[in-house]
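**Q** Can you keep this structure in mind? I'll have questions shortly.
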Amino acid sequence: MQIYSFSPFGYEGNLVTVEVDLRRGIPAIDVVGLADNAVRESRERMRSAIINSGFDFPMERVLISLSPADLKKEGAGFDLPLAAATLLAQKEFNERNQADLKFRADDGGGILIMGELELSGSVRPVRGIHAAAATAAQNGITKCIVPQANGDEAREVKGMSVCAVNSLSEAWAALSHPENFSETSPAEEAFIPENSVSINGLLFPAESADNQFSSIRGQKDLVRALEIAAAGGHNLLAYGPPGCGKTLALQRFPELLPLLTVEEAQSVTRIHSLAGLLKPNEPLIRTAPFRMPHQTASIEGICGGGINCRPGEISLAHNGVLFLDEAAEFKSSVLQMLRVPVENKMITLCRAGRSTVYPAGFQLLMATNPCPCGNYGSSSKICLCSAKSVDMYWRKFSGPLLDRIDIRIKVENPGENDTDYSVPTHVLRESVARAVKIQRKRQGKKNANLTPQEILDFCILDESERKFMEEIEISNDFSKRALSSILKLSRTLADMEEKENIGVRHLKEAIRLRSDSGPLSLFAGDL
């Protein structure tokens with residue numbers, strides 16, 4: 001029987017073969033295969049755990065090999081597989097006849113084992129279990145032994161039989177008792193969060209009493225823009241004076257997002273598992289991630305990196321939202337780094353001759369002031385900023401980044417006569433559900449992610465709409481990306497109304513959302 005473990009690196013990671021050989025000589029434990037300090041220290045934890053669990057530790061010289069030999073092995077998750085492999089090697093060493101074992105050493109079977117050992121023999125949870133089980137399943141390994149707290153992570157992987165254990169003794173017993181493994185994964189319904197609500201055939205999380213859109217008053221245009229952004233997955237930039245309600249509204253955006261599909265949730269759960277952010281016994285992540293990093297975040301914190309190429313904020317926001325509040329206060333290098341992943345929906349990280357590709361299909365939301373003091377364009381307050389300072393303020397975003405923002409909305413302080421306007425969350429969810437349901441059936445993704453060929457296939461214009469767009473293109477000098485953005489926004493607006501054809505009114509509203517007459521046009525240009 002072959003024992004495997006898992007070494008996390010980037011999004012993919014690597015399976016590691018654990019082999020143990022006992023030979024005559026001075027008792028000692030040797031670990032070969034580029035093991036880091038945590039793995040080398042597992043020798044002492046393993047020895048104490050085996051003895052304190054009631055087993056006899058081998059009196060022979062123990063050689064532990066971790067292969068592939070040129071891959072660095074890191075993490076405390078190797079404790080349990082090393083101990084299990086040592087016990088199995090001891091049994092083979094002492095008893096050449098293996099007829100009493102359910103798994104024979106020469107049967108060619110494989111099993112994934114992960115877990116950190118306490119000196120008492122108890123098993124502690126480790127990160128990356130979901131990723132390890134998924135990688136093992138892709139390589140034909142159908143059984144795994146994991147800590148009890150990580151059991152649900154492994155069970156989420158289709159085709160994986162799991163034995164969740166609390167101690168080394170339980171793990172050793174499982175090797176000779178196949179009935180201890182659960183053969184089936186939980187049903188899809190088991191991963192649906194409690195109190196979820198169904199709207200137009202689509203599941204949404206339970207409404208939060210503290211994040212109701214009905215508490216946002218006098219911001220009709222902003223709420224409408226957020227509704228459209230949620231329906232089509234479009235990037236959005238909201239700017240306006242301090243205190244006008246930008247952050248308050250954008251923080252409520254997750255209330256408009258439906259639950260992820262099981263396929264979408266698998267990749268999200270894998271990323272959070274690698275980052276060590278899954279809570280014990282947490283089921284598959286079905287709610288869309290909403291990441292809100294601080295303005296002091298570094299490039300490595302946003303895009304990922306470190307020794308093991310850990311995921312950054314843009315990968316943690318995969319299939320969800322990345323919200324940059326006070327976006328102009330972020331480093332210019334951080335903002336410019338977003339240009340490629342916003343377009344490609346992935347990011348490649350390289351370190352020490354190795355590379356990994358993380359998915360980064362996030363929806364970008366940004367909120368900022370119109371100038372450093374926040375009063376530019378205000379009818380009631382005086383802006384104290386010079387033209388140069390305002391120009392430098394907006395140039396931090398750059399034209400190429402702004403060109404990738406589908407919706408630009410100017411937010412004003414609501415007037416006395418406007419504060420009566422409000423809309424309940426469930427009303428907004430209805431139109432979002434209609435649009436998302438149509439998009440999942442038609443193309444399997446949000447309209448914002450349509451390719452140029454898919455725009456031609458799904459954003460078909462009649463003769464009158466085509467002439468209207470030709471006139472708009474000539475009069476406004478839109479870029480090709482801007483025209484594509486307008487068509488995708490129009491497709492979303494039509495889907496929200498369950499209309500098959502895009503109408504002129506849809507195009508007009510899309511142009512209004514894409515265009516801008518404030519400082520965005522003065523200092524960055526109409527893109």
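The values are calculated or read from the model by the stated rules, or taken from the named source; none is laboratory data. Because the structure is predicted, anything quoted here is derived from the model rather than measured. All Cβ positions, even for glycine, are placed from backbone atoms using ideal geometry, and neighbour counts span all protein chains on display. For the accessible areas, the whole protein counts, side chains as well, though only heavy atoms, and no ligand, DNA or RNA atoms are used. Shrake-Rupley method; radii C 1.70, N 1.55, O 1.52, S 1.80 Å.
**Q** Let a ≥ b ≥ c be the square roots of the eigenvalues of the Cα gyration tensor of region 369-457; is it rounded (a/c under 1.5), or, if not, prolate (a/b larger than b/c) or oblate?
**A** oblate
**Q** What does the charge dipole of the chain about its Cα centre add up to, to the nearest 20 debye, if the Cβ of each Lys and Arg holds +1 and the Cβ of each Asp and Glu holds -1?
**A** Once rounded to the nearest 20, the dipole reads 900 debye.
**Q** Full-extension gain between Leu119 and Ser333, please, as 0.36 nm times their residue separation minus the C-alpha to C-alpha distance.
**A** Here the segment from Leu119 to Ser333 would lengthen by 72.4 nm.
**Q** Classify region 241-329 from the C-alpha gyration tensor, please: rounded if a/c falls under 1.5, else prolate or oblate depending on whether a/b exceeds b/c.
**A** Oblate.
**Q** While we're here: In terms of the Cα gyration tensor, with a ≥ b ≥ c the square roots of its eigenvalues, is region 271-312 rounded because a/c is under 1.5, prolate because a/b exceeds b/c, or oblate?
**A** The shape class here is oblate.
**Q** Given H placed 1.01 Å from N in the peptide plane, which residues other than close sequence neighbours of Ser161 have an amide H under 5 Å from its amide H?
**A** Sorted by chain and number, the residues that satisfy this are Lys143, Cys144.
**Q** Taking the solvent-accessible surface of protein heavy atoms with a 1.4 Å probe, what is the per residue accessible area of region 304-355 in Å²?
**A** 41
**Q** Further, regarding this structure: How far is the Cα center of region 373-437 from the Cα center of region 438-488, in Å?
**A** What the calculation gives is 23 Å, centre to centre.
**Q** In addition: At 7 Å along Cα-to-Cβ for each site, give me the label-to-label distance between Gln212 and His426 in nm.
**A** Roughly 1.1 nm, to one decimal.
**Q** Give the percent of DSSP beta bridges with both residues in the chain that are antiparallel, rounded to the nearest 5.
**A** In the chain, approximately 45 percent of DSSP beta bridges are antiparallel ones.
**Q** For Asn37, what is the net charge nearby, where nearby means another residue's Cβ is under 13 Å from its Cβ and Lys, Arg count +1, Asp, Glu -1?
**A** +1
**Q** If amide hydrogens are placed 1.01 Å from N in the peptide plane, which non-local residues have theirs closer than 5 Å to the one on Gly233?
**A** Those qualifying (amide H under 5 Å, at least 5 residues apart or on another chain) number zero.
**Q** Provide the packing ranking of 479-491, 502-514, i.e. peptides ordered by the mean count of other C-beta atoms within 10 Å per residue, highest first.
**A** Going from most to least packed, we get 479-491, 502-514.
**Q** Shifting gears a bit: Which of the following values of volume of the Cα convex hull per residue in Å³ was calculated from the structure shown: (1) 614; (2) 166; (3) 132?
**A** Step by step, volume of the Cα convex hull per residue in Å³ for this structure corresponds to label (2).
**Q** While we're looking at this one, here's another question. Would you please put 266-279, 372-385 in order of how densely packed they are, using the mean number of other Cβ atoms within 10 angstrom per residue and starting with the highest?
**A** Output ranking for 266-279, 372-385: 266-279, 372-385.
**Q** Which order do the peptides 64-72, 211-219 come out in when sorted by mean C-beta neighbours inside 10 angstrom, highest first?
**A** The peptides rank, most packed first, as 211-219, 64-72.
**Q** Compute the signed sum of charges (Lys and Arg +1, Asp and Glu -1) over the other residues within less than 14 Å, Cβ to Cβ, of Arg47.
**A** After counting each charged neighbour, the total is -3.
**Q** How many angstrom lie between the Cα centre of region 1-50 and the Cα centre of region 245-275?
**A** Spelled out, the Cα-based centre of one part sits 37 Å from the other.
**Q** Summing +1 for each Lys or Arg and -1 for each Asp or Glu, what net charge is found among the other residues whose Cβ lies under 13 Å from the Cβ of Arg291?
**A** That works out to -2.
**Q** Can you give the relative contact order of the chain as a percent, counting alpha carbon pairs under 8 Å and 6+ residues apart?
**A** 14
**Q** Picking from Leu335, Ser42, Ala131, whose Cα lies most toward the positive end of the charge dipole for the chain (charges on Cβ: Lys, Arg +1; Asp, Glu -1)?
**A** Leu335
**Q** Select from Thr86, Pro283, Val504 the residue farthest towards the positive end of the dipole of the chain; place +1 on Cβ of Lys and Arg, -1 on Cβ of Asp and Glu, and compute about the Cα centre.
**A** Sorting the options by dipole projection puts first Val504.
**Q** Quick one: work out the % antiparallel among DSSP beta bridges in region 296-402, nearest 5.
**A** 60
**Q** Whenever you get a sec, compute what percent of the accessible area on the chain sits on carbon and sulfur atoms (1.4 Å probe).
**A** 49
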